[in-house]
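Take a look at the structure below.
The values are calculated or read from the model by the stated rules, or taken from the named source; none is laboratory data. Please read these numbers as outputs of a predicted model, since none were measured by experiment. All Cβ positions, even for glycine, are placed from backbone atoms using ideal geometry, and neighbour counts span all protein chains on display. To get the accessible areas, we keep the full protein, side chains included, count just its heavy atoms, and leave off ligands, DNA and RNA. Shrake-Rupley method; radii C 1.70, N 1.55, O 1.52, S 1.80 Å.
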Amino acid sequence: MTDHHIDPRFRNEPYGYHLDINPLYGYREQLRTILATVQPHQDLLNRIDAVLKSFDDPMRVVVAGGFNAGKSTFLNALVNQRIMPTKAVRSTCTVNLLQGGTRRELVIHRCNGQLEQRSYQNEADAQQQIDALMKTEHKTIAQIAVCCPNQSFLERFTLIDTPGLDHNARDSAASAAEVKNADALIWVLHNKGAEKLDYEQIVQFRTANPDSPVILILNQVDALEYDELRDALTATQNKLNAHVAVVLPLSAKLASEGQAEKNQTKLDASYFYDLRNYLQHYLFDQYRTLQEKIRFQRCSQPLIAELQRFFNDVAAQQQSNAPIIINHRYQDLGDGTVIDILNNLQWMRCALGQTWNGKTCTEEAKTFTWEGAKGAANSTHHAGHNDWRLPTGVELGKLVVHGQNPTIDQQAFPNTPNSRFWSSSQRDEGVFTTKNKSYYVEFNDGGIDTAKMDDTNYARLVRETVAPIEQRYRDLGDGTVLDTQTGLQWMRCALGQTWDGKTCVGKARKFDWSDANKATIENRYLGYSDWRLPTIDELKTLVIKEQKPTIDQQAFPNTPSSWFWSGSPSDVSNYVWYVYFYNGYPSSNYLGNGYHVRLVRGRQ
Ligand SMILES: Nc1nc2c(ncn2[C@@H]2O[C@H](COP(=O)(O)OP(=O)(O)OP(=O)(O)O)[C@@H](O)[C@H]2O)c(=O)[nH]1
Ligand SMILES: [Mg+2]
């Protein structure tokens, strides 16, 4: 077929109407869009492509049955060429395919996977070559494909001749494997009717492939009297009607001879035309519809089920990765601080004296004189920062939420005492200057007032962060950024470089993977001991394909357009995933290579 590249949905299809559009198309788009940010799921995409492409593969019509039933003779009659060897003693001992093609050639599939091509002159030559191959080499041959040019239906159907199913163990196993993979089955019975084996095989196939048709042929009817034929047909129908599309009589021998001799009487007596018309109507004319139905059931559906699970997982993961914004206002940094997204101020969730235990504030908040509170702020290094300070009166006032007690967001600031908190603001200079008074906010009612500086009040510290970089990365002002999409805190510099307050200076170092791990464990940047190598999923979230290096250069200045290790080993031993920031592609390589490292913390 020439139209492989056209999306089958848009093809002008003369072979029947289409079933519903395969949901795999939608999944493929969805997968493509998330591929940039989630896992290396190229394999899933490849599998979708393979399944969709398989809809264009010819339909596999397997001719099977007991030995000597007349399978090969029937196939020869069907293509009107005497290509398949037929014998009174058992003949077929390899799986032989009749398929389309542009040249007359045999393609020999060896058991060791090798392919061999041989040309043939005419049908007699083909038959002779196949015969010779089967006689002397059949043990090394898995299949022989016969390419027959100018048989248009072979472009849509591959006809597969199999050894008799009750042949020796090796051949029977080969036949059974073909039957299992058949899109449609033509089952040839000897005129004695269906034996136990036929019955079992057909039922088994139909159970596994409810959409695949089975056409049952009662062959060799030339050897039967009319009454015998009628009885044999009735008996076969009674036994198998529920499982097959139709039971049809045939004399493959007369059909084959009638064609060769151009003898109409023999052809008429063979019932061949009835059979051929049936196949034309119910198999060949409905090719596309049948094919889609069968492939959909067999290949698409299991993949669709897998994709549904996959997308559910992704949705769950994205949800858990989404930055946690408390009450639409405070972004939880997971370290006992929140950022007020209204003004980018970073607040400690606990009052001084309390301890953040990962979930809430425990222990008693302390009270301080105003000077004492300022001193405590100066000596606080929470979350790796040493620029904590008392908030101004205005800043502190903005935390007030009226209508509750304490008058503050209690999810963002749990266990807040409903009492007075110092601000840094002193009472205005001027006529009423009272040097020893400072402002406080009363979280019992939300009011602001002044108190003597040697009164003791609570304190909650604040620091400034810089506005988000390009909406996505929030500059924490300390050489790290917070990715607001994933909630991860990243070092802005690669290891080896130094953050000078504005950019990354110095040369990024290269590490083999075990040194990278060592350097990671030893790293205590900002006082954190939980810096780690990013997983490959996490590292891939940094990639922006449209630029080189393929990363946000404002958030990560002076990033080398080079290889960066992830912490994820690949399935191949001693290989580890990395991202190449020259083109943004992830891959894996030997862990002894020297690559760069950018550390991350949070989430997981
Ligand atoms: N009388 C009669 N003989 C037939 C008919 N069909 C096939 N034969 C003969 O039965 C023998 C076996 O035919 P094949 O076509 O080789 O049968 P097969 O099912 O391919 O056999 P294996 O490949 O060995 O399983 C040959 O001698 C054929 O001529 C038929 O309709 N009537
Ligand atoms: Mg045969």
quick note, the chain, DSSP beta bridge pairs, % antiparallel (nearest 5) is 70
Projecting the Cα atoms of Tyr595, Leu185, Leu216 onto the charge dipole of the chain, where Lys and Arg contribute +1 and Asp and Glu -1 at Cβ, the residue farthest towards the positive end is Tyr595
Of 497-503, 548-554, 476-482, ordering from highest average Cβ density within 10 Å down gives 476-482, 548-554, 497-503
Only helices counted: for the chain, with every DSSP H run of 4 or more residues adding -39500 (n - 2.57) and the sum spread over all residues, [θ] at 222 nm is -8500 deg cm²/dmol
Binned at 5 Å starting from 0, the alpha-carbon pair-distance distribution of segment 99-158 in whole percents comes out as 4, 19, 27, 25, 17, 7, 1
To the nearest Å², the heavy-atom accessible area per residue of the chain with 1.4 Å probe amounts to 48
On the accessible surface of segment 144-189, probed at 1.4 Å with all protein chains in place, carbon and sulfur together account for a percent value of 50
Restricting to Cα pairs under 8 Å and 6 or more apart, the percent relative contact order of the chain works out to 10
Here Rg/Rh (Cα, Kirkwood) for segment 59-293 equals 0.94
Here the cysteines of the chain without any disulfide-compatible Cβ partner under 4.7 Å are Cys93, Cys111, Cys147, Cys148, Cys299
Ranked output for segments 412-423, 70-81, 288-299 by mean other Cβ atoms within 10 Å, highest leading, reads 70-81, 412-423, 288-299
In debye to the nearest 20, the charge dipole size for the chain, taken about the Cα centre with +1 at each Lys and Arg Cβ and -1 at each Asp and Glu Cβ, equals 960
Toy charge model, Lys and Arg Cβ at +1, Asp and Glu Cβ at -1: segment 403-540 dipole around Cα centroid in debye, rounded to 20, equals 420
Total charge of the residues flanking Ala132 in space, meaning their Cβ is under 12 Å from its Cβ, with Lys and Arg +1 and Asp and Glu -1, is -1
For segment 248-370, the accessible surface attributable to carbon and sulfur atoms (probe 1.4 angstrom, ligands and nucleic acids excluded) amounts in percent to 50
Cα gyration tensor of the chain diagonalised, 5x eigenvalues square-rooted, in angstrom largest first, produces semi-axes 80, 26, 18
For segment 473-601, the accessible surface attributable to carbon and sulfur atoms (probe 1.4 angstrom, ligands and nucleic acids excluded) amounts in percent to 48
Distance in Å, no decimals, from the C-alpha centre of segment 518-597 to the one of segment 246-313 is 54
In the chain, taking the dipole from +1 charges on Lys and Arg beta carbons and -1 charges on Asp and Glu beta carbons about the Cα centre, the listed residue (Phe55, Tyr578, Asn68) farthest towards the positive end is Tyr578
Per its Cα gyration tensor (rounded if a/c is under 1.5, else prolate when a/b beats b/c, else oblate), segment 208-302 is best filed as oblate
Note on segment 475-555: alpha-carbon gyration tensor, axes a ≥ b ≥ c; rule is a/c under 1.5 for rounded, else prolate if a/b larger than b/c, else oblate; result rounded
Packing-ranked peptide list from 444-450, 159-165, 347-353, 234-240, highest mean Cβ count within 10 angstrom first, is 159-165, 347-353, 234-240, 444-450
To the nearest 20 debye, segment 473-601 has a Cα-centred charge dipole, built from +1 on Lys and Arg Cβ and -1 on Asp and Glu Cβ, of 260
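Taking a ≥ b ≥ c as the square roots of the Cα gyration tensor eigenvalues, with a/c under 1.5 meaning rounded and otherwise prolate when a/b beats b/c, else oblate, which class fits segment 347-407?
Oblate, since a/c reaches 1.5 and b/c is not below a/b.
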Using the Kirkwood formula on alpha carbons, the hydrodynamic radius of segment 335-464 in angstrom works out to 14.7
Residues whose modelled amide H sits under 5 Å from the amide H of Met453, counting only those 5 or more places away in sequence or on another chain, are Lys437, Ser438
